[in-house]
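The values are calculated or read from the model by the stated rules, or taken from the named source; none is laboratory data. Predicted model only: the values in this text are computed from it and were never measured. Ideal geometry is used to build each Cβ from the backbone, glycine not excepted, and the neighbour counts take in all protein chains shown.
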């Protein structure tokens, strides 16, 4: 027996993109940043439309990490599925010595500010492979 009342409003799956695990880019000032590609499948499991924003924690943003996508706002109709590609761009210094790290990706209701879901992203960079 499955209770609809216990079902999450959003069903979210985040997978690494099919291309190379990471790319290193050179900034004009000579510093390096790392880019990881992700694909997020998201389903609205409610009977109402929802709007969500993707966000990284403030502490990562202050260190220079950012989400790069077509839009940081996602609109889903009732029962609608959507696949969104996005990138996480971050300075090399955020990674641990092994070249890997885990960061949370929050899906936030922009109206209330409530976190609707959180997914762990596994970042990789030089030294991870």
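Annotations for the structure displayed:
- When residues of the stretch 68-82 are limited to those that are modelled with pLDDT of 95 or more and more than 15 Å from residue 105 (Cβ to Cβ), the one surrounded by the most Cβ atoms within 10 Å (Cβ to Cβ): 76
- Residues of the stretch 93-109 that are under 14 Å from residue 65 (Cβ atoms) and surrounded by 15 or more Cβ atoms within 10 Å (Cβ to Cβ): 94, 95, 101, 103, 105, 106.
- Cβ separations smaller than 6 Å between residues 6+ apart or across chains give the following pairs from the stretch 36-52 residues that are at negative phi and modelled with pLDDT of 95 or more to residues that are in a strand (DSSP E or B) and loosely packed, with under 13 Cβ neighbours inside 10 Å: 39/15; 39/85; 41/13; 41/83; 43/81; 51/75.
- Of everything in the stretch 17-35 that is under 16 Å from residue 101 (Cα atoms) and modelled with pLDDT of 90 or more, the residue that is surrounded by the most Cβ atoms within 10 Å (Cβ to Cβ) is 34.
- Among residues of the stretch 67-78 that are over 21 Å from residue 103 (Cα atoms), those with a beta-carbon under 6 Å from a residue that is crowded, with 16+ Cβ neighbours inside 10 Å and at pLDDT 95 or above at least six positions away or on a different chain give the pairs 76/44; 76/50.
- Scanning the stretch 118-129 for residues that are more than 11 Å from the chain's Cα centre (by Cα) and surrounded by 15 or more Cβ atoms within 10 Å (Cβ to Cβ) gives 124, 125, 128.
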